[in-house]
Amino acid sequence: MSQVDLPVTAEPPQATGTAAWWRRLLRDPMAVLALLVLAGISLAALFAPWLAPYDPYLNSRAIMQPPAWSDMGTTEYLLGTDAQGRDVLSRVLYGTRLTLLIGLAGAGFGGGLGALLGLVAAFSPRLDGPIMRIADMMLSLPAILLGLAIVAAVGQSLGAIILALAIASIPDCARIARGVGTSIMRQEFIEAGQALGLRNRTIFVRYLLRNALSSLLVYISMRFGQVILIGAALSFLGLGVRPPISELGMMAAQGRDVFLFAPHISVIPSLTIFVIVLAANVTGDALRDVLDPRMRSR
Amino acid sequence: MTSKRNRLALATGALLCGATFAAAQNVTIVRELESNNYDPQKTSALAAAEVLYMLGDTLVAMEPDLKTLVPGLAESWDISQDGLTYTFTLRDDVSFCDGKPFTAADAAYSLNRLADPETQSPAGWRAGKVESITATDDTTLVYQLQEPYSELLFQLTQSFATIIDRDNVAALGDNFGVTGLNTTGPFCWGEWKPRDEMVLTRHEGYTWGPSVYENTGPAQVETITWEIVPEANTRVTALLTGQADLSRSIPYIAFERFRSIPEFQINKSDIAAWTEYFGMKMDRPLMQDIAVRKAMNLAFNQAAMVEDIYYDEVIPATTYMSTTTRDWNPDADPLVADYDVEAAKTMLDEAGWIAGDDGIREKDGMRLAPLFYAFTGSAPQARVEYLQAEMRKIGIDIQIDSFDPTIVWSKLATQEYDMYQMGFAYMSAGDGLNLYCRSENMPPPNRMNWDDAETDASLDAAMRATDDEMRALETGEVIMKVSEAAVWIPIYHEPISIVQSSRLKPVMPHSIQGTGFYKGLDIAVAE
């Protein structure tokens, strides 16, 4: 029997409208605050070349100046300078840019690919076993170790760190997507679609992917925070970008040996990472609350 | 009742006094790095040397000036007219930690082991071209050379030449220097927990220490514990809280704080026999141009870096080695260019290196962006990032690839990079030049690929020289050559700085091999 595209007569439940969940999101004050923080940080990072008071790579003789609010601080360097005399504020602005890029690219590529593989596994019983066994193998490999191996193989670069984080994100997302996909595949509308003779591609895209999308987005948004933390840890270990490019984890590492004497060099980038990850996690939680029908009904 | 209380108080007091006395007899030194073994002939690690000097003895000992030789296990020595035969008369009152008497046979075995190619000692070349090393009786050792070797006595003061017990080597096999080491030094092997601590115990019968010290033995403390503390902040805290007594690996940023606390003192050596430098591979396309190498020297401000990053605790290096070094050639002093950014820019302009849109220079389609292989770790990273920032000001974009200590040495043995960073200890100018400038030592340790027949000939002539003047002359020729070619950017010369608790008497810094404490015979609790 040949498969034909027929008008769908048994429509699956559609995701709720964007406006509706957006309204629900805005009713949560914590979510609004987290979104504002994320938006503010993202804008500051985006406009770093215009906002940064100094060239982030330019050293000076003003070594380890404390932040402006300290006794010895000056308004010339609001967040102080590092051990090379570089302006910490400028480096944090540029560093945040890179940290966000690493988080977005790592969680986006890895999460996207993992989600796709998980849904394929849920959709095709034939591919389920092989895909999930590979995911299991990847899960047993710590992200830091994977990062070390990739950097050793391809050298120290932004691409290497994103690749490591993306690969590390695949198995987690694949597992979640398979779970979500399997429960969707048990729904009657899938059976109805198949009974109507819809193409596999149509069922996969219109029925499975569309209905799994909200759950997957929530997971990927929460994964974003984890990716930033792992990326910062890799940079802290010296596996991240090349100097003099600033990245928050790397900046925290650079202040490690002078922590007793100039704690701001490590504390300021570490706090920035903390705020970004916290805001991302709160946003992820809020997204789950508004997108998950079971949470909504509580 | 009162009498019972008094007795209790006395007993408690006695216990406390006993505990304090016991603690006083144990000294803890914190350090950053660990060695992978303590086999004297098979390791060149600084971390091994600083322990080996306390564990063992050498035939000849060295004063802190690194110029004056004094008797060690050898009471005296005689050199033949042709410079080929060294006859050592050894002490007859020396014994190993296990009580076995020391004889010339042990010395012959140890030095033959150093020279034997089968040992694969990283310091084998330091033994010279050996014809034979033989014990003619229990107290006489004859060291026969194929050709004169003017550095021999100096080399025999180093940790590689530590005298060991051949029975101990046979008994321990591959575990020699790992699970134990029977030696004649002021301290004996206690317990080694790799990457944690090395405990040394006093060699009770030791009385043959070199005249470098007022106390020639036994050692004045019962145990010395070398603790590995990789984090600089933790080392500082360990000293401040009394968990450690002394260290020579305290970051310079902490010195001001230690100087302000009466319970601590900092002792610095009079000489600076450790030099850090940036090296350039002469035959790489970007580094072939002497204008590039000279411009980089012009644009690097050693004085500012030392003031800003090293708080003036080290000496800005405007020479390839410290000018107080034996056989240094003062004619080379002005050869490292003074800081002048504008002159550096002009030099590059004239050499055809033109700045592109992003400010980085190019020539014949080559971007002036040398690849730099660096060590991870905050101190080396700080140095290389400083260089990078300075070079950007003249349009050179240094690309830094950093590697963990476990892989950096293998990366530095390749020919795939343009620049690197290294530090080294030396006893004489010839010591450093033989290591780094001999063509047979390419690629490591001659990582700049300095391949020059005249240099080899001069170094050979200096080695064979039988008088000090000739040796200094030949060595001086090489110093001039490499300085003129601008193969390095010297960074700083570093004296040894020991930070110590005033619970101890002042400890004299000793620069031999960059170690700091030498035999530790002056480590004592203050009264």
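In chain B, the DSSP-assigned H stretches of four residues or longer account for a calculated mean residue ellipticity at 222 nm of -9000 deg cm²/dmol, using -39500 (n - 2.57) per stretch and the full residue count as denominator. Compactness of region B:308-354 is given as radius of gyration and Dmax, 14.9, 43 Å, from Cα positions. Where does helix A:125-139 land angle-wise versus the long Cα axis of chain A, in degrees 0 to 90, nearest 10? Roughly 20 degrees between the two axes. Calculation over all alpha carbon pairs of region B:57-169 in 10 angstrom steps from 0 returns a P(r) of 14, 50, 32, 3 percent.
Residues in region B:141-166 near a label at B:Asp468, defined as backbone nitrogen under 18 Å from the 7 Å Cα→Cβ point? Under cut-off, by backbone N: B:149-157. Other residues lying with their Cβ under 13 Å from the Cβ of A:Leu78 contribute a combined charge of -1, Lys and Arg counting +1, Asp and Glu -1. Sparse packing (at most 11 other Cβ atoms within 10 Å of the Cβ) combined with a DSSP loop state is found for none of the trypsin sites (Lys or Arg not before Pro) in region B:427-489. When the Cα positions of A:Leu113, A:Gly85, A:Leu158 are compared along the charge dipole of region A:46-186, A:Leu113 comes out farthest toward the positive end, with charges on each C-beta of Lys, Arg, Asp and Glu.
Residue by residue, region B:124-133 carries 3J(HN,Hα) couplings of x, 5, 6, 7, x, 8, 7, 8, 6, 10 Hz when phi is fed to the Karplus relation 6.51 cos²θ - 1.76 cosθ + 1.60 (θ = phi - 60°); x denotes Gly or Pro. Axis of helix A:158-185 versus longest Cα principal axis of chain A: the two differ by about 30°, to the nearest ten degrees. B:Ser439 sits among other residues whose Cβ lies under 15 Å from its own Cβ, and their net charge, with Lys and Arg +1 and Asp and Glu -1, is -3.
Counting protein heavy atoms only and a 1.4 angstrom probe, how many square angstrom of accessible surface do chains A and B bury in total, to the nearest 100?
Details: alone 15620 and 21750 Å², together 35070 Å².
Adding both sides of the contact gives about 2300 Å².
Summarising the overall dimensions of chain A from its C-alpha atoms, the Rg and Dmax are 22.9, 82 angstrom. The residue list B:Ala462, B:Pro148, B:Ile489 was ranked by how far each Cα lies along the charge dipole of chain B toward its positive end, using unit charges on Cβ atoms, and B:Ile489 comes out on top. Here the scattering of region B:167-318 is modelled by Debye summation over its C-alpha atoms, one equal scatterer each and no solvent; at q = 0.12, 0.15 Å⁻¹ the log10 of I(q)/I(0) is -0.84, -1.04.
Over every Cα atom in chain B, the radius of gyration and the widest Cα-Cα span, Dmax, amount to 25.1, 99 Å.
For region B:274-493, state the semi-axes of the equivalent ellipsoid (square roots of 5 times the eigenvalues of the alpha-carbon gyration tensor), sorted largest first and rounded to whole angstrom.
Numbers: eigenvalues 155, 69, 66 Å².
Square roots of five times the eigenvalues give 28, 19, 18 Å.
Relative to the current alpha-carbon distance between A:Tyr54 and A:Leu158, full extension at 0.36 nm per residue lengthens the span by 35.1 nm. Label zone of A:Leu278 (point 7 Å out along Cα→Cβ, amide N under 19 Å): in region A:34-61 this covers A:34-45. As I understand it, the value is the acute angle between the Cα axis of helix A:29-46 and the longest principal axis of the Cα atoms of chain A; what does it come to in degrees, rounded to 10? The answer is roughly 60 degrees.
Given R₀ = 51 Å, what would the calculated FRET efficiency be for B:Asp270 paired with A:Ser42, taking r from the Cβ atoms and rounding to 0.05? Provide the component values of the computation, followed by the final result.
Details: r = 57 Å, r/R0 = 1.12.
Computed FRET efficiency for B:Asp270 and A:Ser42: 0.35.
Under 4 °C and 1.567 mPa s, how fast does the protein assembly as shown diffuse according to Stokes-Einstein, given a Kirkwood radius computed over C-alpha pairs? Answer in µm²/s, whole number.
Values: Rh = 30.9 Å.
Once the numbers are plugged in, D ends up at 42 µm²/s.
Volume of the convex hull of region B:462-527 (Cα atoms only), normalised per residue: 132 Å³.
A dipole drawn for chain B from +1 and -1 charges on Cβ atoms has a positive end, and of B:Ile133, B:Gln415, B:Ala232 the residue lying farthest that way is B:Ala232.
Sequence neighbours fewer than 8 away in the same chain don't count; with that in mind, list the lysines whose C-alpha is under 29 Å from B:Lys281. List returned: B:Lys42, B:Lys294, B:Lys345, B:Lys363, B:Lys393, B:Lys411, B:Lys481. Take the Cα of B:Ala304, step 7 Å toward its Cβ, do the same at B:Asp451, and the gap between the two points is 3.7 nm.
State which helices in chain B qualify, where a helix is a whole DSSP H run, it must extend 15 Å or more along its own axis by its Cα atoms, and its mean Kyte-Doolittle hydropathy must be at least -0.5. Show your work: numbers first, answer last.
Values: long enough: B:2-24 (32 Å, 0.57); B:104-115 (16 Å, 0.25); B:378-392 (21 Å, -0.76); B:453-464 (16 Å, -0.30); B:468-485 (26 Å, -0.21).
The answer, listed by residue number, is B:2-24, B:104-115, B:453-464, B:468-485.
Remark: spin-label model distance B:Asp82-B:Arg257 equals 6.2 nm, labels positioned 7 Å along the Cα→Cβ axis. Extension gain for the segment B:Glu484 to B:Gln120, taken as residue separation times 0.36 nm less the Cα-Cα distance, is 127.6 nm to one decimal.
Give the residue list of trypsin sites (Lys or Arg not before Pro) in region B:170-243 that are DSSP loop and have at most 15 other beta-carbon atoms within 10 angstrom. Working shown, then result.
Details: sites: B:Arg195, B:Arg202, B:Arg235; in loops: B:Arg195.
Within region B:170-243, the qualifying trypsin sites (Lys or Arg not before Pro) (loop, at most 15 other Cβ atoms within 10 Å) are B:Arg195.
Reported value for region B:412-490: 89 Å³ per residue, from the convex hull of its C-alpha atoms. Each label point was placed 7 Å from the Cα along the Cα-to-Cβ direction; for B:Thr68 and A:Ala20 their separation is 9.4 nm.
Using just the alpha carbons, could you tell me how many Å³ per residue the convex hull of region B:287-396 encloses?
Hull volume normalised by residue count: 133 Å³.
Whole-percent P(r), region A:216-275, all Cα pairs, 10 Å bins from 0: 24, 47, 22, 6, 1.
Would you mind telling me the antiparallel percentage of the DSSP bridges in region B:274-493, rounded to 5? Could the numbers behind the result be given before it?
On the way: 18 of 26 bridges.
In region B:274-493, DSSP labels about 70 percent of beta bridges as antiparallel.
Annotation: amide H-H contacts under 5 Å for B:Phe264 (H modelled 1.01 Å from N, sequence separation of 5 or more, or interchain): B:Ser502. Assuming R0 = 30 Å, can you tell me the calculated FRET efficiency for the pair B:Glu191 and B:Leu33, based on Cβ-Cβ distance, to the nearest 0.05? Working from the Cβ atoms, E equals 0.95.
Evaluate the charge dipole of chain B about its Cα centre and quote only its size in Debye, nearest 20, assuming +1 on the Cβ of each Lys and Arg and -1 on the Cβ of each Asp and Glu.
On the way: 41 positive and 78 negative charges, 407 e Å.
Computed about the Cα centre, the dipole is about 1960 debye.
At full extension, B:Thr234 and B:Asp340 could sit 34.2 nm farther apart than now, given 0.36 nm per residue minus the alpha carbon distance.
The values are calculated or read from the model by the stated rules, or taken from the named source; none is laboratory data. In this text the structure is predicted, and so the values were computed from the model without any measurement. Please note: Cβ atoms are built from the backbone with ideal geometry, for glycine as well, and neighbour counts cover all protein chains shown. Accessible surface is based on the protein model in full, side chains and every heavy atom, while ligands, DNA and RNA are left aside. Shrake-Rupley method; radii C 1.70, N 1.55, O 1.52, S 1.80 Å.
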